[in-house]
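Working notes, structure below.
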Ligand code: SAH
Ligand code: SF4
Ligand code: F3S
């Protein structure tokens, strides 16, 4: 029986996958350890979305050489998107890696661990699947606060946005049997969890067809089934693709208080020419119409986004259109990135990465500055209001304070009094920064 240490990079889907891997390991009788010095195997679940994500992993592998010097029996394996992208080539480039396993091949891990025990043996398993959803595997919650948990409901993506590596690293889109999703959520609730986040690359493209009775389950149906488990169980979801944001979903959100009023809706650019070149399947007007629909149904819903600065051939005017769109939407939060050319994508094959690095940096900084100001102004509007907050843990700054989140996914910090983690409390907001609300408990 082996001791396994796992380290995770990248998106929430990767964190959820690591919990599936941990479960597969424990089934075999292996033990997950949190101290790398105790490990027989180090698994690194990697991300390939931007070049700097991969550079970080390579740096980590160099650091791990020192640990391997001390523990000659230690084997290092790469999982996730970088494993899928580079396959066995990664083991040639990185000598201290003994195995690579792609996101759809984790069931092969127990065999691979046995194989690579022998000195000098290396193994790669990177076949993608059209059906694997790990639906029968109850994840082992790693580093959990016992309050909120992720549930993977679909995998893969075939939208082929021109810049994006995910369709190549995660394979075809496929949805998971809704019964297993609801069962997992119910089991979490019975264990005391108060919040589940349903995850998928394009979570709202979820679609299940039951071949036995011909019944179809769309994302809105699924959300309402999960929300019906208990009003005490909060439901979140990420990431939504704008092209599939239906009114039906918005209506389900309105009719269930426990479906959190927060939508992450990556826009990528405010320019129609860029959106077309990116292959996003919507233009700015269509996107803004979806934002208007969200506001119409749920005036209190927070909206967050992803954006890319300096995609191929982006002009100054097109960059200004992104800033303009940010001013119109007034996001509560944004993940903001400089375009990074990824091998094998449409952009790598057909477009030129021609926006100079310093221009990309400046454009990104302009978006960050604008968004920081908008987030602060949005938060100031919350001062004086009352929110229901699910308490998640101790504040990082002080033991005397707790933090939790509003339905809108905003972090609120408040003096603890006799409140416990996992409780719902009412808090009045008294102050804020761009990132955090400060409040007082209302008894
Ligand atoms: N499926 C989600 C996003 C998944 S990737 C969606 O379509 O919205 C997360 C984010 O990384 C993307 O929204 C995009 O903003 C960013 N991203 C993806 N590829 C990138 C690249 N090559 N360079 C910079 N940012 C990128
Ligand atoms: Fe990447 Fe586009 Fe798929 Fe999102 S929708 S994962 S950005 S290809
Ligand atoms: Fe990264 Fe793969 Fe997620 S590339 S963002 S870990 S799907």
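Given the criterion part of a helix (DSSP H, G or I), more than 16 Å from ligand 2 (Cβ to nearest atom) and under 21 Å from residue 112 (Cβ atoms), identify the matching residue among 43, 64. Step through it out loud before you land on a result.
On the way: 43 fails: part of a helix (DSSP H, G or I).
On inspection, the qualifying residue turns out to be 64.
Being crowded, with 19+ Cβ neighbours inside 10 Å and either out of contact with any helix residue (DSSP H, G or I) (no Cβ under 9 Å at 6 or more places or on another chain) or touching a residue at least 60 places away in the same chain (Cβ under 8 Å) (or both) narrows it down to one residue among 307, 235; which is it? Break it down stepwise before answering.
Working: 235 fails: either out of contact with any helix residue (DSSP H, G or I) (no Cβ under 9 Å at 6 or more places or on another chain) or touching a residue at least 60 places away in the same chain (Cβ under 8 Å) (or both).
Answer to the check: 307.
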Item to check | Residues (closer than 22 Å to residue 50 by Cβ and either within 16 Å of ligand 2 (Cβ to nearest atom) or modelled with pLDDT under 95 (or both)) located in region 72-101 | outcome: 80, 81, 82, 84, 85
Item to check | Residues located in region 328-360, provided they are within 16 Å of ligand 3 (Cβ to nearest atom), surrounded by 17 or more Cβ atoms within 10 Å (Cβ to Cβ) and either over 25 Å from the mean Cα position of the chain (by Cα) or part of a loop (DSSP other than H, G, I, E, B) (or both) | outcome: 339, 340, 342, 345
Next on the checklist: Looking at the structure I just gave you, is residue 211 within 16 Å of ligand 3 (Cβ to nearest atom) and without any contact (Cβ under 8 Å) to a residue 12 or more places away in the chain?
Outcome noted: no
Item to check | Out of 391, 411, sole residue that is on the phi < 0 side of the Ramachandran plot and buried (at least 17 other Cβ atoms within 10 Å of the Cβ) | outcome: 391
Checklist entry - Do you know which residues across region 26-56 are within 16 Å of residue 6 (Cα to Cα), within 16 Å of ligand 3 (Cβ to nearest atom) and touching a helix residue (DSSP H, G or I) at 6+ places or on another chain (Cβ under 6 Å)? => result 45, 46, 47
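Could you tell me which residue of region 141-153 is farthest from ligand 1 (Cβ to nearest atom), considering only residues that are crowded, with 19+ Cβ neighbours inside 10 Å and over 22 Å from residue 100 (Cβ atoms)? Spell out the reasoning first.
From region 141-153, those crowded, with 19+ Cβ neighbours inside 10 Å are 147-153; that's our starting set.
With over 22 Å from residue 100 (Cβ atoms) added as a condition, the list becomes 147-151, 153.
On the way: 147: 25, 148: 21, 149: 21, 150: 15, 151: 17, 153: 14 Å.
By that ranking, first place goes to 147.
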Next on the checklist: With within 16 Å of ligand 3 (Cβ to nearest atom) and out of contact with any strand residue (DSSP E or B) (no Cβ under 8 Å at 6 or more places or on another chain) as the only criterion, which of 281, 264, 241 stands out?
Outcome noted: 241
Next on the checklist: For residue 364, only one of the following conditions fails: (1) loosely packed, with under 14 Cβ neighbours inside 10 Å; (2) within 24 Å of the chain's Cα centre (by Cα). What is its number?
Outcome noted: (1)
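Filter region 188-199 for residues that are within 13 Å of ligand 2 (Cβ to nearest atom) and on the phi > 0 side of the Ramachandran plot and give the result. Write out each step before concluding.
First, pick out the residues of region 188-199 that are within 13 Å of ligand 2 (Cβ to nearest atom): 199.
Correct list: empty.
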Checklist entry - Quick one: would you say residue 151 is modelled with pLDDT of 95 or more, touching a strand residue (DSSP E or B) at 6+ places or on another chain (Cβ under 7 Å), within 19 Å of residue 206 (Cβ to Cβ) and not in a loop (DSSP other than H, G, I, E, B)? => result yes
Checklist entry - Out of all the residues in region 154-172, which are more than 10 Å from ligand 1 (Cβ to nearest atom) and touching a strand residue (DSSP E or B) at 6+ places or on another chain (Cβ under 7 Å)? => result 154, 155, 156
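Looking only at residues that are over 10 Å from the mean Cα position of the chain (by Cα) and closer than 23 Å to residue 239 by Cβ in region 8-23, which one is surrounded by the fewest Cβ atoms within 10 Å (Cβ to Cβ)? Give the derivation first.
Going residue by residue through region 8-23, those that are over 10 Å from the mean Cα position of the chain (by Cα) are 8-9, 17-23.
Within this subset, residues satisfying the condition of being closer than 23 Å to residue 239 by Cβ are 8-9, 17-21.
Numbers: 8: 22, 9: 21, 17: 26, 18: 26, 19: 24, 20: 19, 21: 26.
Applying the filter and picking the extreme gives 20.
Name the residue, out of 289, 244, 272, that is more than 30 Å from residue 356 (Cβ to Cβ), surrounded by fewer than 21 Cβ atoms within 10 Å (Cβ to Cβ), in contact with a helix residue (DSSP H, G or I) (Cβ under 6 Å, 6 or more places away or on another chain) and free of Cβ contacts under 8 Å to residues at least 60 places away in the same chain.
On the way: 289 fails: in contact with a helix residue (DSSP H, G or I) (Cβ under 6 Å, 6 or more places away or on another chain); 272 fails: more than 30 Å from residue 356 (Cβ to Cβ).
Residue meeting the stated conditions: 244.
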Checklist entry - Residues in region 188-205 that are part of a loop (DSSP other than H, G, I, E, B) and within 16 Å of residue 239 (Cα to Cα): how many? => result 3
Checklist entry - So, in region 156-187, of the ones that are away from ligand 2 (no atom under 15 Å from the Cβ) and assigned to a loop (DSSP other than H, G, I, E, B), which residue ends up farthest from the chain's Cα centre (by Cα)? => result 177
Checklist entry - Is it the case that some residue within region 120-140 is closer than 30 Å to residue 350 by Cβ, assigned to a loop (DSSP other than H, G, I, E, B), modelled with pLDDT of 95 or more and within 16 Å of ligand 1 (Cβ to nearest atom)? => result no
Checklist outcome for this item: Flagged in region 90-119 as without any contact (Cβ under 8 Å) to a residue 40 or more places away in the chain, in contact with a strand residue (DSSP E or B) (Cβ under 9 Å, 6 or more places away or on another chain) and in a helix (DSSP H, G or I), in numbering order, are 90, 91, 108, 111, 112, 115
Next on the checklist: Just to verify a result, which residue in region 142-155, among those that are in contact with a helix residue (DSSP H, G or I) (Cβ under 7 Å, 6 or more places away or on another chain) and free of Cβ contacts under 8 Å to residues at least 60 places away in the same chain, is nearest to ligand 2 (Cβ to nearest atom)?
Outcome noted: 154
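The values are calculated or read from the model by the stated rules, or taken from the named source; none is laboratory data. Predicted, not measured: the structure shown is a model, and the values here were computed from it. Reconstructed Cβ throughout: ideal geometry from the backbone, glycine too, with neighbour counts over all protein chains shown.
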